[in-house]
1. Based on Cβ point charges of +1 for Lys and Arg and -1 for Asp and Glu, what charge dipole magnitude is obtained for region 68-133 about its Cα centre, in debye rounded to the nearest 20?
2. Only bridges with both residues in the chain count here: give the DSSP antiparallel percent, nearest 5.
3. Per residue, how much accessible area does the chain show when a 1.4 Å probe rolls over the protein heavy atoms, in square angstrom?
4. Determine the shape class of the chain: with a ≥ b ≥ c the square roots of the Cα gyration tensor eigenvalues, call it rounded for a/c under 1.5, and otherwise prolate if a/b is greater than b/c, oblate otherwise.
5. About the Cα centre of the chain, what is the dipole size in debye to 20, counting +1 per Lys and Arg Cβ and -1 per Asp and Glu Cβ, all else neutral?
6. Charges on Cβ only, +1 for Lys and Arg, -1 for Asp and Glu, centred on the Cα centroid of region 5-200; of GLY171, PRO98, GLY199, which one is farthest towards the dipole's positive end?
7. In square angstrom, rounded to the nearest 10, how much accessible surface does TYR200 have for a 1.4 Å probe?
8. Work through the residues other than ALA32 whose Cβ is under 10 Å from its Cβ and net out their charges, Lys, Arg +1 and Asp, Glu -1.
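The values are calculated or read from the model by the stated rules, or taken from the named source; none is laboratory data. This is a predicted model, so every value here is computed, not measured. Don't worry about glycine lacking a Cβ; one is built from the backbone with ideal geometry, like all the others, and counts go over all protein chains shown. Heavy atoms of the whole protein, side chains included, go into the accessibility calculation; ligands, DNA and RNA do not. Shrake-Rupley method; radii C 1.70, N 1.55, O 1.52, S 1.80 Å.
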Amino acid sequence: MESLYLDDDKRALRRSLRHQRRALSEHEQRLAAQRLCQRLKTLPEIRRARRLSLYLPVNGEIDPTPLIPWLRQRNVNIYLPVLRPFSANRLWFVAYRPDTPMIKNRFGIWEPDVRFSAQRRNRLPTWALDTLIVPLVGFDANANRMGMGGGFYDRSLAFMHRPGPSPTLIGVAHACQQVASLPVEPWDVPLQVVVSDQGYVRRQSLSLKTGHKKGLTP
């Protein structure tokens with residue numbers, strides 16, 4: 001586990017953590033994905049979800065897609081994040097079915113194509129999702145998340161700072177992406193839990209006062 005001090009450079013930390021996950025072998029990546037998905041299947045937030053968004057991994061991100069056959073067996077509607085056209089760093093959440101036409105976006109990530117995504121019947125308002133499984137670069141023992149720095153999820157989920165219906169947010173990562181602590185910015189949208197190939201951490205209640213940080217729960 002890395003230490004993080006307040007004066008550390010966040011960009012340097014991002015580079016270090018991205019390097020660590022890219023350094024994992026294909027075998028290590030496959031094994032991590034299998035272990036991650038076994039843990040995800042036990043979460044009540046996943047088991048009760050009927051409308052769930054996940055992502056297609058790039059650059060060493062842990063792979064949640066082995067979960068898809070299990071979700072489809074349970075008749076869960078699956079959605080993918082799509083770069084929203086003509087909008088600065090915001091996302092749509094678009095239906096992902098076996099026949100969904102796919103293209104690579106400007107970051108080289110596969111996503112439903114623009115014509116399919118632009119049809120309102122193929123999208124779901126973000127607030128109407130039950131659960132979002134989101135990627136991250138780093139996380140800490142209180143389920144704080146460091147993203148890629150583009151703010152796509154924070155902008156798309158900013159409505160969650162206000163009262164009203166909203167999805168459960170689950171971060172997923174390799175265990176090597178956990179750090180001692182992360183700074184929290186006012187615009188950060190909090191995760192409920194982060195799941196890795198080795199365990200999970202849940203956001204601690206504000207009413208709980210502890211004298212130490214918790215690590216991954218196996």
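1. Its charge dipole is roughly 140 debye.
2. 50
3. 54
4. rounded
5. 700
6. It is PRO98.
7. Its heavy atoms expose roughly 80 Å² to the probe.
8. Once positives and negatives cancel, what remains is 0.
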